[in-house]
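Only one structure is covered here, and it is reproduced in the block below.
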């Protein structure tokens, strides 16, 4: 059975070039980067070269790039240190955020008494920026705004440049979870005045266990993992040299091929939308995932017009990997907060959400196999509404 992988928003397969770069590093650059001898300094040079590479991509200084284990660690560090060390008393966010952001905010509310305000999205999953401005003007407390660049479940993209400008005008700090867009889009933080951002290498064919935080120098943020002076004393602990090498190679490949990869995935996404809409009567597309504008080209979120909590397992048995939610919540028994925001109660009771996500390796034959399998499974369910609707 040929297996088909359509869950790239959860993680992407490692590129062969990335594997080779990591193997070479493990063989040749095994020294501790904190050591003063040549073995250590060779590893240190490798790390700094990748740091410079990331900084060039984002148009920032190398000192503003801090290597971490993943986006979750980066988001935790940024949110918690903003409260602990920068005097943040209030956080404005959205129910649409990744769980690592929402749980970090809740932790600061419970342990530090931070005031939290949420901007409820509309049925398309969009954030009202007028409401953000209203909330910022309504309090003199030092505020952190935390809003993700692209949603990992429905793919909605927000205008982080406009949000950053609103925050700057109102003396608020701005953090954006950029895990789904880093290395998939051109990002210029010399033009976008975001204070903090995050990255996980495994979202763009790099290794798991490595990522970075962008921390604007002027912010004054401090680390929450203490010990040695690694990563400008913002993240103590011996660096993951092979992981950093893998991140650097994955970023290089993504940037060198961004135009071709983007066009390919845009075509695959539209092909998926057209085929599903034609073959599954009554299907809906959640958020803006079926649109070309303001939507991540790697993600399509479907609502099947029947209740089938076993759909993911049934597709897996046919060799097709998709997600019924984000990777961090797919094992949960209740709908994700994102789905609760964009679906009505009736849709949640009578429909089945499904996320399909692509990489540059996804092809149309795989989409055809997925749609055929979905169509076969759907035959077992009575579909009352035969009108196809794009939400």
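Quick look at the values:
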{"item": "Residue in region 128-142 that is closer than 25 Å to residue 65 by Cα and surrounded by fewer than 24 Cβ atoms within 10 Å (Cβ to Cβ) present", "result": "yes"}
{"item": "Test: residue in region 35-52 that is under 22 Å from the mean Cα position of the chain (by Cα), modelled with pLDDT of 95 or more, buried (at least 18 other Cβ atoms within 10 Å of the Cβ) and in the same structural domain as residue 199 (by TED's automatic domain parsing)", "result": "yes"}
{"item": "Residue list for region 1-24, filter: under 25 Å from residue 179 (Cα atoms), in contact with a strand residue (DSSP E or B) (Cβ under 8 Å, 6 or more places away or on another chain) and assigned to a loop (DSSP other than H, G, I, E, B)", "result": "6, 8, 9, 10, 13"}
{"item": "Criterion violated by residue 116 - all others in (1) touching a helix residue (DSSP H, G or I) at 6+ places or on another chain (Cβ under 7 Å); (2) without any contact (Cβ under 8 Å) to a residue 60 or more places away in the chain; (3) part of a helix (DSSP H, G or I); (4) closer than 16 Å to residue 88 by Cα satisfied", "result": "(3)"}
{"item": "One residue from 81, 69 being crowded, with 20+ Cβ neighbours inside 10 Å, touching a residue at least 12 places away in the same chain (Cβ under 8 Å) and out of contact with any helix residue (DSSP H, G or I) (no Cβ under 7 Å at 6 or more places or on another chain)", "result": "81"}
{"item": "Residue that is within 26 Å of residue 187 (Cα to Cα) and in a helix (DSSP H, G or I), where the choices are 127, 78, 154", "result": "78"}
{"item": "Region 337-364, residues that are assigned to a helix (DSSP H, G or I) and either surrounded by fewer than 20 Cβ atoms within 10 Å (Cβ to Cβ) or outside the structural domain of residue 315 (by TED's automatic domain parsing) (or both)", "result": "337, 340, 345, 346, 347, 348, 349, 350, 364"}
{"item": "Failed condition for residue 95, given (1) part of a helix (DSSP H, G or I); (2) in contact with a helix residue (DSSP H, G or I) (Cβ under 6 Å, 6 or more places away or on another chain)", "result": "(1)"}
{"item": "Residue match in region 137-149 (condition: closer than 25 Å to residue 273 by Cβ and either at pLDDT below 95 or in the same structural domain as residue 104 (by TED's automatic domain parsing) (or both))", "result": "yes"}
{"item": "So residue 27, is it in contact with a strand residue (DSSP E or B) (Cβ under 8 Å, 6 or more places away or on another chain) and over 28 Å from residue 187 (Cβ atoms)", "result": "no"}
{"item": "Listing of helices (runs of 4 or more DSSP H) fully contained in region 235-336 that carry 1 or more residues being more than 30 Å from residue 31 (Cα to Cα)", "result": "258-279, 311-317"}
{"item": "Residue check, residue 218 without any contact (Cβ under 8 Å) to a residue 24 or more places away in the chain and under 24 Å from residue 60 (Cβ atoms)", "result": "yes"}
{"item": "Test for residue 55: is it more than 22 Å from residue 221 (Cα to Cα) and either at pLDDT 95 or above or surrounded by fewer than 18 Cβ atoms within 10 Å (Cβ to Cβ) (or both)", "result": "no"}
{"item": "Number of the exception - residue 179 against (1) free of Cβ contacts under 8 Å to residues at least 60 places away in the same chain; (2) in contact with a helix residue (DSSP H, G or I) (Cβ under 6 Å, 6 or more places away or on another chain)", "result": "(1)"}
{"item": "Residue that is surrounded by the fewest Cβ atoms within 10 Å (Cβ to Cβ), among those in region 265-281 that are touching a strand residue (DSSP E or B) at 6+ places or on another chain (Cβ under 8 Å) and under 15 Å from residue 377 (Cβ atoms)", "result": "280"}
{"item": "Some residue of region 105-125 being within 30 Å of residue 242 (Cβ to Cβ) and surrounded by fewer than 22 Cβ atoms within 10 Å (Cβ to Cβ)", "result": "no"}
{"item": "Test result for residue 227, touching a residue at least 12 places away in the same chain (Cβ under 8 Å), surrounded by fewer than 22 Cβ atoms within 10 Å (Cβ to Cβ) and not in a helix (DSSP H, G or I)", "result": "no"}
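The values are calculated or read from the model by the stated rules, or taken from the named source; none is laboratory data. Just so we're clear, the structure is a prediction, and the values are computed from it rather than from any experiment. Using ideal geometry, Cβ is built from the backbone for each residue, glycine included, and neighbour counts are taken over all protein chains shown.
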